[in-house]
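The values are calculated or read from the model by the stated rules, or taken from the named source; none is laboratory data. Values in this document were obtained by computation on a predicted structure and should not be read as measured data. Here Cβ is always computed from backbone atoms with ideal geometry, including for glycine, and neighbour counts include all displayed protein chains. Calculation scope for accessible area: heavy atoms of the full protein, side chains included, ligands and nucleic acids excluded. Shrake-Rupley method; radii C 1.70, N 1.55, O 1.52, S 1.80 Å.
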Amino acid sequence: MTDPIDLSAVEATGALRRGDLSVPELFAAYRARAAADDTNAFTWLADGPEQAAPGGTLPGADAVLGGLPIAVKDLFCVEGVPTASCSNLLRGYRPPYTATAIARLQEAGATILGKTNQDEFAMGSSNENSAFGPVRNPWDRERVPGGSSGGSAAAVAAGLAPVAIGTDTGGSVRQPAALCGVVGLKPTYGTVSRYGMIAFASSLDQAGPIARTVADAALLFQRMVAGSGQAGPGSVDQRDATSIGWAGGDEVGLPSAERLDGLRIGVPTELLAEGVEAGVRAAFDAALARAGELGAEIVEIDLPHARHALAAYYVIAPAEASSNLSRFDGVRYGNRVQSPEDGLVDLYTKTRHDGFGPEVKRRIMLGTFALSSGYYDAYYGRAQQVRTKIVEDFRAAHEQVDLIATPTSPTVAWKLGALTDDPVAMYAQDVMTLPFSLAGVPAISIPAGLSEGLPVGLQLAGPAFSEPRILNAAHALEQALGFDGSAPRATVAAAGGDTR
Ligand code: GLN
């Protein structure tokens, strides 16, 4: 029989439902690999498939996901499971409830394999801002996996989990997926409930799947968005005031397209001038040429304000973060640092001083400043105006084209430590993903090829609720490109050894 690790999630769920594979057997196969991991992708591993299951019971054999193990980014609350958003402030916290996106996957039959490493409170592009240490890229362990969902992307790339869940505020699902050679989908803002996700920037945060194939990503997205399967009003989560559920007309099915005939794909030429490496550009151009062969029409488009997305995002996201993170005061959540003689202000100060890492403190200071009276209009107000301009750019572009394509990241994975002393250079890594985040539109990253032996991601985006079209186009292109992501899976047993 084939090794269960070699099955895609779609294949594995089929085998589970048919009884060709048992839930404990599949779980144990991934559990053993995850325990031997040398990339630091996990912050916690379940002992068995029942451990994090609601009520401790395994899903029935007829459940859609059949007992598929999933890896979950640390910032999702899971009842009774350590959840720290990779911050020392929350280290050891075990929430009393489960995030809706994860609960819906569990209802559909997913089991939780473990929690994955990330940048602290999802702030970062390299996973080096984690209180649990950096994650290593399974393609080259001297390099970063991208961030902030670096653990989720590394786990899928190294075959430590069949699929993983991440969150994307400015690129944190798409960019690590690109740098690790896997698929990452950021859905339309509001489709997946944010309830139970430890917030970073509330107007941007969105949960999404990271997977080996586009079909696997669709399989998970389907369940994250619609719970028991009904699209429409039934998929709205009353516990998240911004939840809109699945309001797209078309059902989110598994993608099956083989051709791209009649599809118009826009390439924002000006945005591509922003520091894209030659090897990345070459892989991107080759992927576009394939899209052309499949019948797509490639046209140049103008997104005149997209290059200002970086500046606007790094005002808006820290502003929202400074407000969201004010709840971590040592009184209500997480760890408290206090000496007997301390008053309330000392308690706040010491807790936040010791609990937050340097990048989080930088963002709180930036955000608090941008929101302070006298500066609010000049910074936050202005950034929101730029955001509106970007939304209008996308509306105009989509009168001309169905989808927009860019490289997901301007570079391939860089060496650990290479950008840690230069926050602005680190922020610039998000230049391709941020415009879509500010506009709230869906976007996917799929592996397009290699440059210098490292994966290059292709980003495909469309208007709100165009996920079915994006997934179909990405699937057709994925088949045509034939990217082979098996190399890092082969490195685990050799490099690992059971470390736990
Ligand atoms: N890298 C971006 C940041 O640091 C995006 C992070 C994210 O999407 N969570 O804010």
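Taking the conditions (1) in a helix (DSSP H, G or I); (2) away from the ligand (no atom under 16 Å from the Cβ); (3) open to solvent by 20 Å² or more (accessible area, probe 1.4 Å) in turn, residue 374 satisfies each one other than (1). Restricting 127, 137 to those that are touching a residue at least 12 places away in the same chain (Cβ under 8 Å) and away from the ligand (no atom under 13 Å from the Cβ) reduces the list to 137. Going through (1) free of Cβ contacts under 8 Å to residues at least 60 places away in the same chain; (2) open to solvent by 40 Å² or more (accessible area, probe 1.4 Å); (3) farther than 26 Å from residue 135 by Cα one by one, residue 398 falls short only on (1). Whether any residue in the range 302-322 is in contact with a helix residue (DSSP H, G or I) (Cβ under 9 Å, 6 or more places away or on another chain), within 16 Å of residue 459 (Cα to Cα) and open to solvent by less than 20 Å² (accessible area, probe 1.4 Å) is what I want to check. Yes. Among all positions in the range 179-196, there is no residue which is part of a helix (DSSP H, G or I), more than 16 Å from the ligand (Cβ to nearest atom) and at pLDDT 95 or above.
The sole residue among 257, 201, 211 that is open to solvent by less than 30 Å² (accessible area, probe 1.4 Å), within 16 Å of the ligand (Cβ to nearest atom), touching a helix residue (DSSP H, G or I) at 6+ places or on another chain (Cβ under 6 Å) and aliphatic (A, V, I, L, M) is 201. Exposed (fewer than 14 other Cβ atoms within 10 Å of the Cβ) and either over 23 Å from the mean Cα position of the chain (by Cα) or within 16 Å of the ligand (Cβ to nearest atom) (or both): is that true of residue 326 in this structure? Judged against the criteria, residue 326 is a match.
Here is a check on your reading of the model: is residue 481 within 16 Å of the ligand (Cβ to nearest atom), open to solvent by 10 Å² or more (accessible area, probe 1.4 Å) and over 18 Å from the mean Cα position of the chain (by Cα)?
Considered against the rule, which asks whether it is within 16 Å of the ligand (Cβ to nearest atom), open to solvent by 10 Å² or more (accessible area, probe 1.4 Å) and over 18 Å from the mean Cα position of the chain (by Cα), residue 481 comes out as no.
Restricting 388, 368, 408, 349 to residues that are polar (S, T, N, Q) and either in contact with a strand residue (DSSP E or B) (Cβ under 6 Å, 6 or more places away or on another chain) or within 16 Å of the ligand (Cβ to nearest atom) (or both) narrows the list to 408.
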